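First up is the structure itself, then whatever we jot down about it.
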């Protein structure tokens with residue numbers, strides 16, 4: 001019996017690792033290099049279904065409130081999609097339905113898979129290594145190979161120029177943002193932000209000797225995407241996580257006066273986020289920053305840092321066209337909230353956002369994910385669709401039995417980008433957000449990050 005359980009646990013673990021490794025590589029491997037092979041686009045769906053089938057037959061799936069909300073969302077969106085297909089017959093409706101629903105099942109995987117210290121470490125060490133490699137490649141591609149390389153390998157272009165303006169940096173014509181192996185810099189930015197937040201707030205990942213090195217390359221690459229929504233969301237979520245940790249440590253510090261509890265809480269909340277993994281690693285980072293700075297100054301005349309300064313100054317002064325476009329999209333009268341419960345039918349499921357633009361005549365180019373989903377499925381279902389993110393945040397705030405801020409930080413960063421970008425139509429973004437949120441309710445996490453284990457030794 002134990003042998004059978006261990007075999008099943010190992011199978012689901014390795015299948016999960018395959019998903020996590022190839023998910024950020026999907027666009028390169030399956031959309032660009034093997035695009036003539038028609039079944040490659042659903043490999044993710046097949047592995048997700050296979051893992052869930054194994055968990056179901058082994059009776060490992062437990063349903064909580066968020067699980068029920070996800071199930072209701074899938075059924076409701078399916079009903080709306082069928083109605084739209086029958087009435088409007090938009091091409092691509094079923095693929096858009098799949099994008100909205102299939103990645104949400106990642107919550108059931110991460111919530112119910114059997115984890116131990118080794119398997120949990122494997123997951124995040126794998127993510128750290130994969131994303132560090134993508135970061136290094138992405139910077140090399142953007143700053144050495146340039147945008148012409150992306151055109152050659154198959155990114156959407158017109159007359160030899162990438163179509164989307166998101167690949168280029170405002171006021172610096174021809175300078176490409178870091179894209180890595182993703183479909184766009186914005187997609188890369190928020191997924192990198194998620195993985196970094198999980199590495200920072202995962203307790204025993206602080207013991208991984210190369211964590212700071214992986215985080216360093218990922219941070220530089222995140223900055224190189226010039227995805228302001230992702231970077232601001234990351235910084236905001238990081239601050240929220242540190243504040244939450246302070247509250248947790250302050251609340252559970254016994255035998256100390258108020259000032260000592262406050263001082264201890266501040267110290268631990270910061271150190272637990274940036275805990276050392278070897279002085280040599282920090283020396284490496286200092287040297288790496290110095291080398292990169294010199295290379296930028298000598299080879300590019302300080303262009304990278306000038307672009308960073310100009311990028312964020314443009315937001316403050318209102319001169320940045322990208323941020324102005326996002327703001328205008330939110331307040332634009334064409335994208336205002338429906339005035340009656342039936343208005344969403346006029347827009348039609350499958351006729352909104354970037355997935356619909358190339359295939360539907362008169363599709364609505366809606367940027368904000370919130371407005372996009374309101375146009376797709378109506379106000380009530382849109383609120384229900386984003387509810388799991390909000391519930392994870394409140395579950396974390398109200399939970400006094402264990403401390404695991406990562407998933408809530410992921411939810412905060414993701415919701416911020418949803419306000420500005422149509423990220424809800426990205427399979428990868430939805431998958432990683434639901435996968436990380438599902439970990440919060442995993443039985444292993446509840447035990448590993450319990451008050452007893454989390455406070456053990458830190459008050460000495």
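The values are calculated or read from the model by the stated rules, or taken from the named source; none is laboratory data. On a predicted model such as this, the values are computed, not experimentally measured, just so you know. When we count neighbours, we look across all protein chains shown, and the Cβ atoms used for this are built from the backbone with ideal geometry, even at glycine.
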- Query: If you go through the stretch 346-376 one residue at a time, how many are in contact (Cβ under 8 Å) with a residue 40 or more places away in the chain and either under 21 Å from the mean Cα position of the chain (by Cα) or outside any loop (DSSP other than H, G, I, E, B) (or both)?
  - Reply: 13
- Scan the stretch 413-438 for residues that are surrounded by fewer than 24 Cβ atoms within 10 Å (Cβ to Cβ) and within 17 Å of residue 397 (Cα to Cα) and jot them down. 415
- Query: Of the numbered conditions (1) at pLDDT below 80; (2) closer than 16 Å to residue 135 by Cβ, residue 212 satisfies every one except a single condition; which is it?
  - Reply: (1)
- Message: I need the full set of residues from the stretch 141-159 which are outside any helix (DSSP H, G or I) and either surrounded by 14 or more Cβ atoms within 10 Å (Cβ to Cβ) or in contact with a helix residue (DSSP H, G or I) (Cβ under 8 Å, 6 or more places away or on another chain) (or both), in order please.
- Response: 154, 155, 157
- Query: Got at least one residue in the stretch 30-46 being modelled with pLDDT under 85, assigned to a helix (DSSP H, G or I), in contact with a helix residue (DSSP H, G or I) (Cβ under 6 Å, 6 or more places away or on another chain) and more than 14 Å from residue 428 (Cα to Cα)?
  - Reply: yes
- Message: All but one of (1) at pLDDT 90 or above; (2) closer than 20 Å to residue 431 by Cα; (3) part of a helix (DSSP H, G or I) hold for residue 200; state the number of the condition that does not hold.
- Response: (1)
- Message: Here is a list: 138, 128. Which entry is closer than 14 Å to residue 211 by Cβ, touching a helix residue (DSSP H, G or I) at 6+ places or on another chain (Cβ under 8 Å) and buried (at least 20 other Cβ atoms within 10 Å of the Cβ)?
- Response: 128
- Query: Out of all the residues in the stretch 160-181, is one or more touching a helix residue (DSSP H, G or I) at 6+ places or on another chain (Cβ under 7 Å), assigned to a helix (DSSP H, G or I) and under 16 Å from residue 421 (Cα atoms)?
  - Reply: yes
- Picking from 142, 76, 106, which residue would you name as being touching a strand residue (DSSP E or B) at 6+ places or on another chain (Cβ under 6 Å), on the phi < 0 side of the Ramachandran plot and touching a residue at least 24 places away in the same chain (Cβ under 8 Å)? 142
